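Below is one structure, written out as structure tokens, with a few remarks after it.
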Amino acid sequence: MPHDAIRLENVHLSLGSGAARVHVLKGISLSIGAGEAIGIVGPSGSGKSTLLMVMAGLEPPGSGDVVVAGESLAGLDEDALARFRGDNVGIVFQSFHLIQNMTALENVAVPLELAGRADAFERAEAELAQVGLADRIAHYPAELSGGEQQRVALARALVVEPAILFADEPTGNLDATTGAQIVDLMFDLHKTRDTTLILVTHDNALAARCGRTIAMRDGNIDLDADRAARVAAQ
């Protein structure tokens with residue numbers, strides 16, 4: 001049986017202050033096995049993106065335990081969390097988050113350079129070839145289409161060979177055809193590399209491509225929706 005890639009135990013998180021304070025996550029407990037593909041769905045404001053941020057070590061919980069790749073994130077300072085993410089986690093966002101004055105090659109090489117890898121540019125070039133951009137490595141983000149920019153972002157997330165890949169609405173800024181190509185590529189890489197995939201999406205059909213779906217509602221896991229998804233998948 002595969003070990004847990006991620007385990008959350010009674011995780012709560014509130015954001016804001018005073019009258020604007022919102023209880024976003026309300027006692028979330030779940031386990032995700034190594035190598036699984038998990039789709040997280042739910043309406044806007046349900047807490048699905050916040051849950052991803054907590055699992056990726058980008059947002060500390062108010063209480064509860066978050067264990068990722070066998071290590072509890074509790075008590076890690078910002079530097080330790082950054083090192084942990086660099087060693088274990090890749091993240092793809094809806095808005096690409098590329099550095100505009102860097103080429104595709106330089107963008108992908110950044111996490112390896114930060115880790116002190118001497119082969120940063122060699123590995124970055126190989127990763128760009130994996131996502132079909134071998135002929136675009138010298139182009140800047142403004143010279144690339146939205147789909148090409150998301151491929152660069154995916155290459156950057158995967159170049160460190162992470163155990164876990166997080167994707168937050170990765171097709172949200174793309175047209176349907178380009179989005180489908182990115183999704184196919186992401187799932188292909190998940191399978192060939194045996195990477196745990198956590199995919200946040202509003203698209204139930206996309207989530208259904210994952211091995212398991214977690215439905216969020218009002219800061220909780222919607223157990224009724226999860227049961228219905230399991231029945232539909234059988």
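The values are calculated or read from the model by the stated rules, or taken from the named source; none is laboratory data. As the structure is a prediction and not an experimental result, all values here were calculated from the model. Cβ coordinates were reconstructed from backbone atoms using ideal geometry, including for glycine residues, and neighbour counts include every protein chain displayed. Just so you know, the surface numbers come from the protein's heavy atoms only, side chains and all, with ligands and any DNA or RNA stripped out. Shrake-Rupley method; radii C 1.70, N 1.55, O 1.52, S 1.80 Å.
Values for this structure:
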| read-out | value |
| --- | --- |
| Fraction of beta bridges assigned by DSSP in the chain that are antiparallel (%, nearest 5) | 50 percent |
| Listed residues GLY179, GLY35, GLY70, most fluctuating in the chain (Gaussian network, C-alpha, under 10 Å) | GLY70 |
| The chain, relative contact order [Cα under 8 Å, separation at least 6], % | 28 percent |
| Inter-label distance, nm, simple model (7 Å from Cα along the C-beta direction), ASN101/LYS26 | 4.7 nm |
| Between the range 101-156 and the range 7-72, the alpha-carbon center distance in angstrom | 30 Å |
| Relative packing of peptides 188-195, 52-59 - highest average C-beta neighbours within 10 Å first | 52-59, 188-195 |
| Stretch gain in nm, segment ASP218-SER72, where the contour uses 0.36 nm per residue and the Cα spacing is subtracted | 50.0 nm |
| Length released on extending from LEU81 to HIS3, taking residue separation times 0.36 nm less the Cα-Cα span | 25.9 nm |
| With every protein chain in place, the chain: carbon and sulfur % of accessible area (1.4 Å) | 50 percent |
| Expected 222 nm ellipticity per residue - DSSP helices of 4 or more, -39500 (n - 2.57), all of the chain, to 500 | -11000 deg cm²/dmol |
| Share of alpha-carbon pairs per 5 Å distance bin for the chain, given as whole % | 1, 7, 14, 18, 19, 17, 12, 8, 4, 1, 0 |
| Accessible solvent surface per residue of the chain, calculated while the other protein chains remain in place, 1.4 angstrom probe, Å² | 48 Å² |
| Cα-based helix-to-principal-axis angle, 78-88 vs the chain, degrees rounded to 10 | 70 degrees |
| Reciprocal mean inverse distance between Cα atoms of the range 29-135 - Kirkwood radius, Å | 16.1 Å |
| Protein-only accessible surface order, largest first, of HIS23, HIS12 at 1.4 Å | HIS23, HIS12 |
